[in-house]
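Student: Okay, handing you the structure first.
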Amino acid sequence: MPCRAGQRQERSCRPYGVVKSGELFAALESGDDVARWEAAKALAGIDSEANRAKLVRLIRDHPEPEVRMTASYTLGFAACGGSPDEVDALVGRLEDGREAVDVRCHAAEALGHMLDHENLGRDRAIPPLRQALGDDLPEVRFWAAFALGNIGGPSEIAALEQLTTDETVIPGWWSIGKEASESVEQIRQHAGDQ
């Protein structure tokens, strides 16, 4: 189940000892999927502005979609993300209709994890996420709904409600309609808490 804002799941990263960020980035860019994802989890747990800047460069410039996807994931779970440059890199990947679907999905998910209701970056992220609710690709619609549930406000409810009847099931998850319904409920709960 995707984490909801305020309900971040505890992450258990295996101890990496004295492994340097450079070694983790080398693994992230390697062709080995296991090493790439282990490096992504470790990098997400290291609060470093320099690491986040390198992730932004990978998201924007790396030729391999697997690396752009993993860098997007990592940036989304970084402890103190949300700078304008970071948000712009993720939004750019989300909006690029030629981008691999997994990269676009991880970019949307990352925006939902990275930004919270008080973060100024949410104002930059919400319009493209709202537009992604109408994307041709169901996976992009699903993750846009997820992200808006985490960072959106009452003004996103009408757009999300239009998806509540979408019965398309995302493999490994559930229907877009269920995700949109849960996002509407989360926004209403958050609005009621204020």
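Student: Just the residues that are of a type in the set (Lys, Arg) and at pLDDT 95 or above, please, taken from the stretch 34-65.
Tutor: 36, 54, 57, 60
Student: Follow-up question, since we're still on this one. Only one of (1) surrounded by 14 or more Cβ atoms within 10 Å (Cβ to Cβ); (2) over 25 Å from residue 44 (Cα atoms); (3) hydrophobic (A, V, I, L, M, F, W, C) fails for residue 158. Which number is that?
Tutor: (1)
Student: Of the residues that sit in the stretch 27-38 and are part of a helix (DSSP H, G or I) and free of Cβ contacts under 8 Å to residues at least 12 places away in the same chain, which one is surrounded by the most Cβ atoms within 10 Å (Cβ to Cβ)?
Tutor: 35
Student: Return the total of residues in the stretch 39-55 being crowded, with 21+ Cβ neighbours inside 10 Å and closer than 18 Å to residue 90 by Cβ.
Tutor: Of the residues in that region, 5 qualify.
Student: Of everything in the stretch 158-183, what is over 19 Å from residue 110 (Cα atoms), touching a Ser or Thr at 6+ places or on another chain (Cβ under 9 Å) and not in a loop (DSSP other than H, G, I, E, B)? Give them in sequence order.
Tutor: 161, 169, 175, 177, 178, 181 - these are the residues of the stretch 158-183 that are over 19 Å from residue 110 (Cα atoms), touching a Ser or Thr at 6+ places or on another chain (Cβ under 9 Å) and not in a loop (DSSP other than H, G, I, E, B).
Student: Residue by residue through the stretch 47-80, note down the ones that are of a type in the set (A, V, I, L, M, F, W, C) and either in a helix (DSSP H, G or I) or touching a Cys at 6+ places or on another chain (Cβ under 7 Å) (or both).
Tutor: Those that are of a type in the set (A, V, I, L, M, F, W, C) and either in a helix (DSSP H, G or I) or touching a Cys at 6+ places or on another chain (Cβ under 7 Å) (or both): 50, 53, 55, 56, 58, 59, 67, 69, 71, 75, 77.
Student: Now for a different question. Can you pull out the residues in the stretch 70-119 that are open to solvent by 20 Å² or more (accessible area, probe 1.4 Å), modelled with pLDDT of 95 or more and among the aliphatic types (A, V, I, L, M)?
Tutor: Selection gives 100, 101.
Student: Where the second residue is open to solvent by 20 Å² or more (accessible area, probe 1.4 Å) and among the basic types (Lys, Arg) and the first is closer than 18 Å to residue 113 by Cβ and lies in the stretch 42-55, which pairs have Cβ atoms under 7 Å and are six or more apart or on separate chains?
Tutor: Final answer for the pair search is 45/11.
Student: Quick one: in the stretch 161-187, of everything that is over 14 Å from residue 129 (Cβ atoms) and charged (D, E, K, R), which residue is least open to solvent (accessible area, probe 1.4 Å)?
Tutor: 166
Student: Take residue 17 and decide whether it is open to solvent by 60 Å² or more (accessible area, probe 1.4 Å) and modelled with pLDDT under 90.
Tutor: For residue 17, the condition - open to solvent by 60 Å² or more (accessible area, probe 1.4 Å) and modelled with pLDDT under 90 - is met.
Student: Next question, about the same structure. Answer yes or no: is there a residue in the stretch 120-133 that is open to solvent by less than 60 Å² (accessible area, probe 1.4 Å), at pLDDT below 95 and closer than 30 Å to residue 45 by Cβ.
Tutor: Looking for residues that are open to solvent by less than 60 Å² (accessible area, probe 1.4 Å), at pLDDT below 95 and closer than 30 Å to residue 45 by Cβ, one finds at least one in the stretch 120-133, hence yes.
Student: While we're here: State all residues of the stretch 81-97 that are assigned to a helix (DSSP H, G or I) and either touching a Phe, Trp or Tyr at 6+ places or on another chain (Cβ under 6 Å) or not β-branched (Val, Ile, Thr) (or both); if no residue qualifies, say none.
Tutor: Scanning the stretch 81-97 gives 84, 85, 86, 88, 89, 90, 92, 93, 94, 95.
The values are calculated or read from the model by the stated rules, or taken from the named source; none is laboratory data. Because the structure is predicted, anything quoted here is derived from the model rather than measured. Virtual Cβ from ideal backbone geometry, glycine too; neighbours counted across all protein chains shown. These accessible areas exclude ligands, DNA and RNA; they are computed on the full protein's heavy atoms, side chains included. Shrake-Rupley method; radii C 1.70, N 1.55, O 1.52, S 1.80 Å.
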